[in-house]
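First up is the structure itself, then whatever we jot down about it.
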Amino acid sequence: MSTAHDTVDFDEALAMFEPVLGIETHVELGTNSKMFCSCATAFGADANTQVCPVCLGLPGSLPVVNRTAVESTIRMGLALNCSIAPWCRFARKNYFYPDMPKDYQVSQYDEPLCFNGYLDVTVETDDGPRVFRVEIERVHMEEDTGKLTHAGGTTGRIHGADYSLVDYNRAGIPLIEIVTKPIVGTGVLAPQVAKAYVAELRDLMRALGVSDVRMEEGSLRCDVNVSLNLPGAEWGTRSETKNVNSLRSVERAVHSEIERQAAVLTTGGRVIQETRHFHEDTGRSTSGRSKEQAEDYRYFPEPDLVPVAPSEEWIEELRGTLPELPALKRARLQAAWGIGEHELQTIVNAGALELVEAAIADGVDPAAARKWWTGELARIANDRDLELTDLPVTSAQIRRVEELVADGSLNDKLARQVFDGVIAGEGDVDAVVAGRGLAVVSDDSSLLAAIDEALAAQPDVAEKIRGGKVQAAGAIVGAVMKTTRGQADAAKVRALLLERLGVSE
Amino acid sequence: MAAMEGDLVRQEAAVLARAIAEGEVSAEEVTRAHLDRIDAVDERVHAFLQITGDAALEAARAVDRKRSEGIPLGPLAGVPIAVKDVLTMRGVPTTCGSRVLEGWRPPYDSAVVERLRAADMIMLGKTNMDEFAMGSSTEHSAYGPTHNPWDLDRIPGGSGGGSAAALAAFEAPLAIGSDTGGSIRQPAAVTGTVGVKPTYGGVSRYGLIALASSLDQAGPCARTVMDTALLHAAIAGHDARDSTSIDAPVQDVVAAAKRGDVRGMRIGLVKELGGDGYQAGVSQRFNEAVEILTSLGAEVIEVSCPNFEYALAAYYLILPSEASSNLARFDGMRYGLRVGDDGQHSVEEVMALTREAGFGAEVKRRIMIGTYALSSGYYDAYYGQAQKVRTLITRDFNAAFEKVDVLISPTAPTTAFKIGDKVDDPIAMYLNDIATIPVNLAGNTAMSLPVGLAPEDGLPVGLQIMAPPMADDRLYLVGSALEEALVDRWGHLLIEEAPEL
């Protein structure tokens, strides 16, 4: 309904209104098997190959709870400072949709496994970092649905499609849903708080090892609730923007929804309680289904499952397995490495914190560890569409490259090629250097021969330099670097060149 | 054993098993005899929806081979059995008596079928039932009613009328039923056969197509208490695939059936299950059985279970609620019937058209009741309240079992009624299960066994024995003692009085 022109500028909007946020996050747990059967959960398998009577919901089949999923949920709850229910049940959420094998989803309703927690998140402001406490309403377990692909039609949605395909590999994959209490008092920082919260959740889950949170594979999905109210007034009607699947999108979804609702409210309109669809390409959302008439899911306790009743001992045992939590870890490493918040953030954003930490522990120079893991290696991972952690680069290899740079055998450009070779499986550092012939050419006579060749090829440039135009030297240095395939030290080439021509800087 | 041959179909399972084990008769001969009997009578009885003759003969020959090779066989090896069409059997059409599942061949065996196979038993086919086990007469089967072998114009009970009729018509010596509110016991009562609803969780529900998950329980059906015990032992036991399955050893029901002793036992007569509303002949035969139990040395006292009055009402909220959810999956998307898939209808329309065409009136009625009862705003008043009643009924049982070892009542208020008599009156139909429903609500175990023919119509009357959860052996102690005394009195099993078909 709303289009780009009926929005109010963000700052203008928040000069008038106060935002209230609420975020529901669904994350696929990293268990080897599904929530209620033993089917594999690997991403990317051929459609409908990881299915059985249980996750297909065939008549007569019955669910059995995956203990590891319960364990992961409790650990997540503990890390979020939640209380753990001594006794709770699964519930059926009933609705018809072809991606649901049973036409109900096994979830939890009024008896979540974990409840009443919080997560502190840090947001950068002009006045330095600011901490917000995001209160957690609940953390519960449920099963994922299948995945629909709509063919034909123009909207990519089920309505108007010529036909639709269903892949039930995803059906029954364990999800945890983490629901915040209303987040108030963020003001203009609302989009950043939302983003920081989701980022913190992601880091927490990775640190706990309960999920590898591959957002690009849709393993973390957020529903973002936003409402606006006048200062001191009651909270406004909220909208729910569904399936926001990246950190950047979370930020943008909050931002654009604040602008949209402000426009509705300032023109005397009424915000409709509805779900909205977020569009990655435009950063805006469009109206989905109205929730004015709340859908009735007819929840009732799942009679095919027995209650989950974690004992005190088990909960304490799980508490003992919690690793150092990300916020504490970041503070510790930042202090230990003596770096600023910004540089730390760069490392965190690159997903390199653990790798850098490990490299330093393995004796790699701290600055070098940070430089390689957030720079060249991150670029290579990105180019190859790999996770940083998937790169087959060891601390010993980084150390060796550093040694070769230090003694002048390699320069940075060559070092990159060395890593490229290592990752391409061409062998260890020295093997790649030898195999690709990557040693720095430091032999003066061969450099001088290359210089003479370049000068002969560009006599006009040579003349300019002799005439005192030192800045023209770059063309000759470039030519020499080219003929030596980058294996020369450019500064040295320049010095030799000027010496050859009897010119000084 | 040529002498036995003519009688093969009238033999007890225990006798057949022994004869097969001792080589007096082959499993193949026994199977053929039953398939021939089915051929001869099932056109009139219609106990079976599906006859798996070739597979049965093949399985029988495999048993004979095993025996000849000296491989040890189980206590029921080679004995034929009929399986209610509510249990999945790999590759064999499984319909639950519904059009919506027509043509569906499950890719997996239910736990019960697995155990029957493991016991080297011979599955003859799938038996008729009320659609999705909703009914007390088998008239709600989409594939036509089953007829009571005692009187072909009468119902064989339901929902497991097919299994009970197969026993009474000597088409199979053993059968599997499922009991959500009496679907094993009431058909047993009206066909003069024996049936047990085991303790909830006693027999795995894996592969038992759910009607109401918290009430459903598969169980054994036979013509004698001992045969029922042998089958009970074969199918009971823990199964990790059913979360509600009890992880504890099964009581020795076979030993209890062998012992058959009520001396010193306290037996409670449930005051609320009898008297007004029970057919005179039913009450008469029941009272005679009570006298026998007393004469055998039991102490029979009257026990009150005041909340049983509300059992039927609670049951008809809990069952439809669970069923409305359990039956949601029959939407035409993945298996079974699909209606309206012509490129013109939306997915919702195809689902609606499929369910409209695929479900019968009784199923639709219960889905609508259940959908309503679970609705927001009504949940507490209906489903929530019904669960409270359920708790009260369980407390009634607990209190009663502090005073007595088992409870007894007539199994059903009447003998078999005429086909068509109650099919248009759901409440009258529901009242058939008034005495059997409390047991399902509490998760107890119960047996129905024949105690005679009602004088007014000459049709079988059943007596129900109820025991606490995980005390299934008590049913067999009492049932076996009573059966022995009755057989002594009659000179034969009651089923021998069934008319020739």
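The values are calculated or read from the model by the stated rules, or taken from the named source; none is laboratory data. This one's a predicted model, so the numbers in the text were calculated from it and none came from an experiment. Neighbour counts run over all protein chains shown; Cβ positions are idealised from the backbone, glycine included.
Looking only at segment A:370-399, which residues are among the basic types (K, R) and surrounded by fewer than 20 Cβ atoms within 10 Å (Cβ to Cβ)?
First, the residues of segment A:370-399 that are among the basic types (K, R): A:370-371, A:379, A:384, A:399.
A:K371, A:R379, A:R384, A:R399 - these are the residues of segment A:370-399 that are among the basic types (K, R) and surrounded by fewer than 20 Cβ atoms within 10 Å (Cβ to Cβ).
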- One residue from A:L448, A:L501, A:L404, A:L497 being within 24 Å of A:W373 (Cα to Cα) and surrounded by 14 or more Cβ atoms within 10 Å (Cβ to Cβ): A:L404
- Task: Could you please find all residues in segment B:160-185 being under 12 Å from B:S136 (Cβ atoms) and touching a helix residue (DSSP H, G or I) at 6+ places or on another chain (Cβ under 6 Å)?
- Result: B:G160, B:G161, B:A164, B:T180, B:G181, B:G182, B:S183
- Message: Can you tell me which condition A:V123 does not meet? The list is (1) hydrophobic (A, V, I, L, M, F, W, C); (2) under 29 Å from A:A13 (Cβ atoms); (3) modelled with pLDDT of 95 or more, and all the others hold.
- Response: (3)
- Query: Does A:Q192 qualify as being more than 14 Å from chain B (Cβ to nearest Cβ) and out of contact with any Cys (no Cβ under 7 Å at 6 or more places or on another chain)?
  - Reply: yes
- Message: Of everything in segment A:33-64, what is surrounded by fewer than 19 Cβ atoms within 10 Å (Cβ to Cβ) and modelled with pLDDT of 95 or more? Give them in sequence order.
- Response: A:S33, A:S38, A:A40, A:D46, A:A47, A:N48, A:T49, A:C52
- Residue count, segment B:71-94, condition in contact with a strand residue (DSSP E or B) (Cβ under 6 Å, 6 or more places away or on another chain), facing chain A (nearest Cβ under 10 Å) and either surrounded by fewer than 18 Cβ atoms within 10 Å (Cβ to Cβ) or of a type in the set (V, I, T) (or both), comes to 1
- Out of B:I155, B:I176, B:I209, which single residue is more than 14 Å from every other protein chain (Cβ to nearest Cβ) and not polar (S, T, N, Q)? B:I155
- Item | Residue ID - farthest from the other protein chains (Cβ to nearest Cβ), chosen from residues in segment B:110-141 that are assigned to a loop (DSSP other than H, G, I, E, B) and over 19 Å from the mean Cα position of the chain (by Cα) | B:D120
- What are the residue pairs meeting all of these: first residue in segment B:9-21, first residue more than 17 Å from B:R61 (Cα to Cα), second residue hydroxyl-bearing (S, T, Y) and crowded, with 22+ Cβ neighbours inside 10 Å, Cβ atoms under 6 Å, and 6 or more apart or on different chains? B:E12/B:T224
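Residue by residue, here is whether (1) assigned to a helix (DSSP H, G or I); (2) polar (S, T, N, Q); (3) within 14 Å of another protein chain (Cβ to nearest Cβ) holds:
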{"residue": "B:R338", "(1), (2), (3)": "no, no, yes"}
{"residue": "B:Q344", "(1), (2), (3)": "no, yes, yes"}
{"residue": "B:E356", "(1), (2), (3)": "yes, no, yes"}
{"residue": "B:K364", "(1), (2), (3)": "yes, no, no"}
{"residue": "B:G370", "(1), (2), (3)": "yes, no, yes"}
{"residue": "B:V389", "(1), (2), (3)": "yes, no, no"}
{"residue": "B:I393", "(1), (2), (3)": "yes, no, no"}
{"residue": "B:D424", "(1), (2), (3)": "no, no, no"}
- Message: Would you confirm, using the coordinates I've provided, whether B:R32 is more than 16 Å from B:S163 (Cα to Cα), touching a residue at least 24 places away in the same chain (Cβ under 8 Å), among the basic types (K, R) and away from chain A (no Cβ under 14 Å)?
- Response: yes
- Exclusive hit being surrounded by fewer than 20 Cβ atoms within 10 Å (Cβ to Cβ), at pLDDT below 90, under 30 Å from A:L497 (Cα atoms) and out of contact with any strand residue (DSSP E or B) (no Cβ under 8 Å at 6 or more places or on another chain), set A:A415, A:A439, A:A367, A:A431: A:A439
- For segment B:243-250, state whether one or more residues are buried (at least 24 other Cβ atoms within 10 Å of the Cβ), part of a loop (DSSP other than H, G, I, E, B), within 14 Å of another protein chain (Cβ to nearest Cβ) and touching a residue at least 40 places away in the same chain (Cβ under 8 Å). no
- Do the conditions hold for B:V423, that is, is it more than 25 Å from the chain's Cα centre (by Cα) and β-branched (V, I, T)? no
- Select from segment B:240-263 the residues that are over 30 Å from A:V306 (Cα atoms) and in contact with an Asp or Glu (Cβ under 8 Å, 6 or more places away or on another chain) and list them in ascending order. B:A255, B:A256, B:G260
- Task: Only residues that are without any contact (Cβ under 8 Å) to a residue 60 or more places away in the chain, surrounded by 15 or more Cβ atoms within 10 Å (Cβ to Cβ) and either assigned to a loop (DSSP other than H, G, I, E, B) or in contact with a Ser or Thr (Cβ under 7 Å, 6 or more places away or on another chain) (or both): list them for segment B:258-299, please.
- Result: B:E272
- Message: Is it the case, given these coordinates, that A:E217 is in contact (Cβ under 8 Å) with a residue 24 or more places away in the chain, under 21 Å from A:D99 (Cα atoms) and not aromatic (F, W, Y)?
- Response: yes
- If you take the residues in segment A:90-118 that are over 27 Å from B:D331 (Cα atoms) and of a type in the set (D, E, K, R), which one is farthest from the other protein chains (Cβ to nearest Cβ)? A:E111
- Look at A:A454 and say whether it is among the small types (G, A, S) and surrounded by fewer than 16 Cβ atoms within 10 Å (Cβ to Cβ). no
- Query: Just to be sure, is A:R289 within 14 Å of chain B (Cβ to nearest Cβ), over 28 Å from the mean Cα position of the chain (by Cα), on the phi > 0 side of the Ramachandran plot and not polar (S, T, N, Q)?
  - Reply: no
- Can you work out which of the residues in segment B:194-241 that are on the phi > 0 side of the Ramachandran plot and out of contact with any strand residue (DSSP E or B) (no Cβ under 8 Å at 6 or more places or on another chain) is surrounded by the fewest Cβ atoms within 10 Å (Cβ to Cβ)? B:G237
- Message: As an exercise: evaluate A:Q471 against (1) surrounded by fewer than 18 Cβ atoms within 10 Å (Cβ to Cβ); (2) of a type outside the set (D, E); (3) outside the structural domain of A:L496 (by TED's automatic domain parsing) and give the number of the one condition it does not meet.
- Response: (3)
- Considering each residue of segment A:262-278, count those that are touching a Ser or Thr at 6+ places or on another chain (Cβ under 7 Å) and not charged (D, E, K, R), and give that number. 6
- Note on the structure: Apart from one, (1) within 14 Å of another protein chain (Cβ to nearest Cβ); (2) closer than 25 Å to B:G158 by Cβ all hold for B:G377; the odd one out is (2)
- Matching residues in segment B:106-160 - criterion: being among the hydroxyl-bearing types (S, T, Y), surrounded by 24 or more Cβ atoms within 10 Å (Cβ to Cβ) and closer than 29 Å to B:G420 by Cβ: B:T127, B:S136, B:S137, B:T138, B:S141, B:T146, B:S159
- Could you pull out the residue among A:V121, A:V51, A:V139 that is touching a residue at least 12 places away in the same chain (Cβ under 8 Å), of a type in the set (A, V, I, L, M, F, W, C), within 23 Å of A:D212 (Cβ to Cβ) and within 14 Å of chain B (Cβ to nearest Cβ)? A:V51
